[in-house]
Structure formats: C-alpha cells, structure tokens
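Below: one structure, written as structure tokens.
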Amino acid sequence: MADKQAKLDFGGNTFDFPVLEGATGPDVIDIRKLYGQTGAFTFDPGYKSTASCESALTYIDGNEGVLLHRGYPIGQLAEHSSFMETAYLLLNGELPQADELTDFNDTITRHTMLHDQLNKFYYGFRRDAHPMAIMCGVVGALSAFYHDSTDISDPEHRKISSHRLIAKMPTIAAMAYKYSIGQPFMQPDNSLSYTGNFLRMTFGVPAEPYEVIPAVERAMDRIFILHADHEQNASTSTVRLAGSSGANPFACMAAGIACLWGPAHGGANEAALNMLKEIGTPDRIPHYIERAKDKNDPFRLMGFGHRVYKNHDPRATVMQKTVREVFEALNVTDPVFETALQLEEMALNDDYFKEKKLFPNVDFYSGIILSAIGFPTTMFTALFALARTVGWVAQWNEMISDPAQVIGRPRQLYTGPTSRDYVPVNKR
Ligand code: CMC
C-alpha cells in the first residue's frame, strides 16, 4: 500500500486512492480502480492533469524551465554531446563508453540505405507534395519491407527496427526534399557522420563532391539533440497509443509523424518563420502582438507558449545562441532574426504574455537557423520528425517492455441522444 492516499468524497461514500511518487516532480493519484470502485470516470480532455504512463526517459519541470534526458540537462547535452550519443542515452539509459558509442554509430550507419523498391514510392507523389505527407507514407511503408523486424514481442526485432528507423529517417527526409526540387536522390555516404551524411544527401548532387561545413554540421546535430525527446508530448503519446494495440513500430512512427505535422506541435517551426516573414519589419510587431491578444482573432504568436513550460524553454535559449553561430559560420545575416529578437523582447514585457507565462519555445528560432542552412520551410517539420524518431522509438520500447502496459483506451462523457427507435425514411 502506498504511504500517501488521496480521499475522494463521491456519491455519499469516501474512497481512498494510492498516491504514487516519481523520482522527482508532482505526485500522481493512482485512479486505475476509480471506475471499478465508484462507477465514475475522470474528465480530462487534452490530458492536462493526467499521467498516461510511467517513464524513466525524460523529465521536464515547466515552472523552472528544466529539461533532463535520463537526468542530464539538455543544455549540457546540446553543448557537449552528439545526436548519436544522446540517442544511445535515450535508448539505453546511460551514456555510452567509447567502444559502445563506436559500435552504436557503426550499427546505425549500416542501416542508412533504403530498400531499392522503396525509392520508387517517391514517384507516386506529386512533386509539390509536402515532405511530411511523403514521410508519413514512406515510413508507414517500411513495415511492408522489413518483415524481419516487426515481431514486437521479440526484443531483437524491436532493437533492429529501432536502429533501422533512426538510420533511415535522414535518407527518407533528404529524398523527400530531392524529389520536391527534381534533383536525383543521393545515396548515403557512410564515411560521414550521421548529420554530415544527412546534409550531403540533402544539399549534395551526384555531379560534384560535397564538403560538409563543420560549424553547420555541429549546429544541425545540436538541433537534432534539442528535438530528440520531450516526454509525453502529442506525437509521442500518439506513438504510444498506436503501439499499445501491438501495431508494428513502423506503423506507430507513421502515426507519430502525422500528429507532429500539426501547427500546434511540430508544424509550429514552419508557422513561426512564416509569421516572422509576414511581420516583416520590427515596426509592425505591435500590431501582431495586439492581434495575438485579441480573443476574437484566431492569430497566435507561433513559436510562443507551451503546455508544460511556464518559464523559458531551455531549448529556445540554446537555439537562439545557435542562430548566431550559424550566421557567423556562413557569413550571413537575416533581418527576420532581428524581428524575432524584438518580438520576443516586446512580448516578454507585455502583461498578457507575462500573466499567461508565454515564452518562446523551441520552434521560435529553429526556423531561422534552418532557413540560413538552406532548408525550405516545408522541410522544417520533417527535420523535427527525423530527430524525434529517437524519442519515439525509445518511448515505444519502454512501453512495450513495461509489464503494466495495456491497450490505451480512454473513456468519454457522452452528450449525444439516448436510446431511440429507428424511423424509416418515409416516416421522418
Ligand atoms: N499566442 C497568444 N496567446 C496564446 C498563445 C500564443 N502563442 N499560446 C497560448 N496563448 C493563450 C491562449 O489563448 C490561452 O488564453 P486564455 O487562457 O485566455 O484562453 C492561454 O494562453 C493558454 O493557452 P492554451 O492554448 O490553453 O494552452 P495549451 O497548453 O493548450 O497550448 C500551445 C499550448 C503550444 C498549443 C499554445 O501555446 C500555442 O498554440 N502556441 C503556438 C503554437 C506553438 O508554438 N506550438 C509549438 C509548441 S513547442 C513544440 C512542440 O512541442 O511541438
């Protein structure tokens, strides 16, 4: 029996529910037996007060602006780690020894190519298809090609499918881009790093050698680290929910990609840059701030606000710093950055944003960096999906290994008509 109990007075009776304590963070009232004992459900659209699972991967303290992966602060990982090392950490729980990291890198590198028939999938899409539409389709289709890693009850299958997904995602994303601009697909070059290889597959052409710019490679790798996982966000919860039925991992990742696409989630980086371009010059900022505050106007400041962070998003801080590094490395500037900095400052000094605790999130600055590197806005969310695949597979593996895992099946508050008799069409 848990030490702490929560009491519920309901229907003239008192019920006790155990209170579970995590390693840190808010306590959790265990209501699994609520319906059995009281006949009532809880009502929590959007899961604002609901912990849907146990997890040992990522911890966020939204009030303090803290994000930890397996205990390590995101700022330290972004500065000192690599995306591959962070992926290993998320998947395995500990930072790798040097030989373990080499092995992991080698394993991922071995899986970077796509089945040749998969290449032909791309030609079924219109050239102007959104890369996320292509990603949903191609990642879902992986389950039709890699039958030898879809038995989710076999840990070895789960491991191989996880490695395949992490390894193939850059190839899939880069090919989506190449297809959209009519250039030939670039095959992976396994002598490069995970991120260097992705840059080459995206921006290189078969006719010329491609030189990876180390500062850009490092910035891109850091962006991947910043997006690698974010506990039970909408797309991760989608992956878990899809996986809870026993669906294969490729199908689950396709579901995650579909969810990530939305402008309230991963699509916000694309929307944020479009918004900054629309604002154009700093003198127009006050007008847009007024619009964001107007309840009769659907406009929101994209890249601002977060369900969990009611303080600075630590990822946004690293992102802002990275913008400067990329500009310096490429010897470019972008007036949009100045607009973004001034918009941030004005919003943070505005009572509306202060009272609602709305701060820039990871998506506010990422688009500016990606744009400077050369990505079109439509690719932004695809890059988010590429990086978040690590979190999705780690969370999916954790869920499958959890003995308490059952199919996810929420209940509802029914508000439709109660039972009534069917009336034939000529009598209505
Ligand atoms: N601009 C103006 N007002 C806002 C904004 C914004 N960006 N975000 C929230 N608000 C207001 C909202 O109108 C509401 O006001 P009121 O209490 O008067 O009704 C209040 O702040 C709380 O907002 P909410 O929508 O109830 O909060 P939520 O936790 O359901 O939504 C959010 C979080 C991220 C969807 C929302 O802040 C938003 O739409 N932001 C813009 C989109 C965005 O940047 N999304 C990226 C999120 S981070 C990356 C990721 O995780 O994918």
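The values are calculated or read from the model by the stated rules, or taken from the named source; none is laboratory data. From a predicted model like this one, the values you see are computed outputs, not experimental measurements. All Cβ positions, even for glycine, are placed from backbone atoms using ideal geometry, and neighbour counts span all protein chains on display. Note: areas computed on protein heavy atoms with side chains; ligands, DNA, RNA excluded. Shrake-Rupley method; radii C 1.70, N 1.55, O 1.52, S 1.80 Å.
Between GLU338 and THR377, what FRET efficiency comes out of the Förster formula 1/(1 + (r/R0)^6) with R0 = 22 Å and r the beta carbon distance, rounded to 0.05? The value I calculate is 0.70. Here the scattering of the chain is modelled by Debye summation over its C-alpha atoms, one equal scatterer each and no solvent; at q = 0.11, 0.12 Å⁻¹ the log10 of I(q)/I(0) is -0.90, -1.05. Summary of the geometry: region 359-380 and region 149-228, compared by the centres of their Cα atoms, lie 18 Å apart. Is region 1-68 best put as rounded, prolate or oblate by its Cα gyration tensor, with a ≥ b ≥ c the root eigenvalues, rounded for a/c under 1.5, and otherwise prolate when a/b is larger than b/c, oblate when not? Prolate is the answer for region 1-68, as a/c is 1.5 or above and a/b outweighs b/c. Using every pair of separate Cα atoms, the Kirkwood estimate puts the hydrodynamic radius of region 253-369 at 14.7 angstrom.
Residue separation of HIS287 and GLU328 scaled by 0.36 nm, minus their Cα-Cα distance, works out to 11.6 nm of gained length.
Computed from backbone phi with θ = phi - 60° and the Karplus coefficients 6.51, -1.76 and 1.60, the 3J(HN,Hα) list for region 213-221 is 7, x, 5, 6, 4, 5, 5, 5, 4 Hz; x is used for glycine and proline. To the nearest 10, the accessible area of CYS136 is 30 Å² with a 1.4 Å probe.
Cross-link list LYS48/LYS159; LYS295/LYS357; LYS7/LYS356; LYS120/LYS159; LYS4/LYS33; LYS33/LYS310: which exceed 25 angstrom alpha carbon to alpha carbon? Beyond 25 Å between Cα atoms: LYS48/LYS159; LYS7/LYS356; LYS120/LYS159; LYS33/LYS310.
Under 5 Å between amide hydrogens, built in the peptide plane, is the criterion, and for PHE304 it picks out ASN361 among residues at least 5 positions away or on other chains. What FRET efficiency comes out for the pair LEU8/HIS115, r = Cβ-Cβ distance, R0 = 51 Å, nearest 0.05? Once rounded, the FRET efficiency stands at 0.40. Under the shape rule built on the C-alpha gyration tensor, where the axes satisfy a ≥ b ≥ c, region 318-399 is oblate, since a/c reaches at least 1.5 while a/b does not exceed b/c. Each Lys or Arg adds one and each Asp or Glu subtracts one; over the other residues with Cβ under 10 Å from the Cβ of TYR309, this totals +1.
A full extension of the chain between ALA23 and ALA40 corresponds to an added length of 3.2 nm, given 0.36 nm per residue minus the alpha carbon distance.
According to the square roots a ≥ b ≥ c of the eigenvalues of the Cα gyration tensor, what is the shape class of region 284-326, taking rounded for a/c under 1.5, prolate for a/b larger than b/c otherwise, and oblate for the remainder? Judged from the Cα gyration tensor, region 284-326 comes out oblate (a/c at least 1.5, b/c at or above a/b). Take the Cβ atoms of ASP294 and LYS354, set R0 to 22 Å, and the FRET efficiency comes out at 0.80. Spacing of the modelled spin labels on ILE407 and ALA144, each 7 Å from Cα toward Cβ, amounts to 2.5 nm. Within the accessible surface of region 145-250, defined with a 1.4 Å probe on protein heavy atoms only, the carbon and sulfur portion equals 53 percent. Over the chain, dividing the summed -39,500 (n - 2.57) contributions of all DSSP H runs of at least 4 residues by the number of residues returns a 222 nm mean residue ellipticity of -16000 deg cm²/dmol. Rolling a 1.4 angstrom probe over the protein heavy atoms with all chains in place gives the chain an accessible area of 50 Å² per residue.
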